[in-house]
1. Between residue 191 and residue 245, what is the label-to-label distance in nm when each label sits 7 Å out along the Cα-to-Cβ direction?
2. Ranked highest first by the average count of other Cβ atoms within 10 Å around their residues, in what order do 122-134, 299-311 fall?
3. From a point 7 Å beyond the Cα of residue 319 in the direction of its Cβ, which residues of segment 206-247 have a backbone N at a distance under 17 Å?
4. Taking the Cα centroid of segment 183-232 and of segment 117-148, what is the distance between the two, rounded to the nearest whole Å?
5. Of all DSSP beta bridges in the chain, what percent run antiparallel (nearest 5)?
6. When the C-alpha atoms of segment 124-205 are aligned to their principal axes, what extent does each axis show, in angstrom, from largest down?
7. By average Cβ neighbour count within 10 Å, what is the ranking of 21-27, 151-157, 111-117 from highest down?
8. Rounded if a/c is under 1.5, else prolate if a/b beats b/c, else oblate: with a ≥ b ≥ c from the C-alpha gyration tensor eigenvalues square-rooted, which is segment 23-159?
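Read-outs throughout are calculated quantities, based only on the coordinates presented, and are distinct from any laboratory measurement. Here the structure is a predicted model, which is why all the values come from computation and not from measurement. Quick reminder, even Gly has a Cβ in these numbers, built from the backbone with ideal geometry, and neighbours come from all protein chains shown.
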Amino acid sequence: MAEVTLPPRDGFRLSQLLYDARYRSLTIQVVAAMLLMLSLAWLVDNTVQNLAALGKDFSFAFLWTTAGYDINQQIIPFSSQDTHARAALVGILNTLVVAFMGCILATVIGVLAGVLRLSKNFVVSGIMTFYVEAMRNTPLLIWILIVFAVMTEATPQPRDFREGGGASMILWDSVAISNRGVFVPKPVWGEGSGLVLAVFLLSLAAIFILRRVARKRQEQTGQQLPVVRLSLALFFLPTLLVFFVLGRPITLDYPALGGFNFVGGIQIRNSLIALWLALSLYTSAFIAEIVRSGILAVSRGQTEAAFALGMQPNRTMQLVILPQALRVIIPPLISQFLNLTKNSSLALAVGYMDVRSTLGGITINQTGREIEGILLLGTFYLIVSLIISSLMNYYNSGVKLKER
């Protein structure tokens, strides 16, 4: 039998990095990365030299000096004697709170508006069209100022809540809406409150598991579980049972009028409410168009097939249309969440102390550390944007079509 010998392979040569298609793209990427790093190094070195010529150094030691200013809206305790680092942390938390609440409310309003825009009722669809176009074609800053003006000018003063003043608290005299903010009850955590909170978190986890099990069962057998009723039962019953068994360890400190203002409870300033509502309403208009386009991207035959099987319109939208539309909705929805988070930097217009006002405003003005402050501010927004994108992309990978 004749033996077949393969020709010997040529060894690796440096010329292959340029002339061999297997290595050329990698070579270009490595060279581009090196040039970028060299450019950044030159910029940093040039900046440091210029600062030295002006008698400045590049340092973040200013973060540990006394801030010397107050922050009106605080998630964690803060005083003027704390450091700039803690002031920046308070601003970061304020930004995250308004961004988180804004994304939730904007999504709820946007989905409703997008679905109602497709209504066959001319009045309903017309109102939603006017809402979307009015919001999208007016600058966000104007809406923030309008909502803030309504909250401060159209609401009563604290003295009006006195007897005969014409104003009264709502929700069984537990919530007061005034031109100085909204005052709500404050929870007082007693002994055993941690167990109640743990049971509540476990209930939320049980609801999440229940919905996943119900969805898988429906996909496999077509049988539907009463998810809504079971979810409500899991949400309330275990927590209430533990709450009463432990003797009500969590109580409420209700706001009450004392002197010229309310005392007790939690004060939610009008600046936070105005920023939250304006961001949510403005972003929801864009989300509504995304939802509408996603629904229209689903073939009409899907709806007709569901109706032919006897499904109700609401169940058709929930089980047939929206799951398919999500594959079109989620990618542009990520951009709207990012825009809402970054647009929260307009909080300075109504006096809400977010990270732009603290770290990127007062701290820079007091310390003169413009480059360091802006660098930290940009890094914060970059990290938050990457986290939002990662979470939404993970969710998007779960709803996209699975190819064989």
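1. Label-label distance for residue 191 and residue 245, simple model: 1.9 nm.
2. Values: 122-134: 13.7, 299-311: 11.9.
Answer by packing, highest mean first, reads 122-134, 299-311.
3. 211-230
4. Cα centroid to Cα centroid, the span is 34 Å.
5. If I count the DSSP bridges inside the chain, around 100 percent turn out antiparallel.
6. Result, largest extent first: 52, 45, 26 Å.
7. Listed from highest to lowest mean packing, they are 111-117, 151-157, 21-27.
8. Working: a/c = 3.10, a/b = 1.38, b/c = 2.24.
Note, shape of segment 23-159 comes out oblate.
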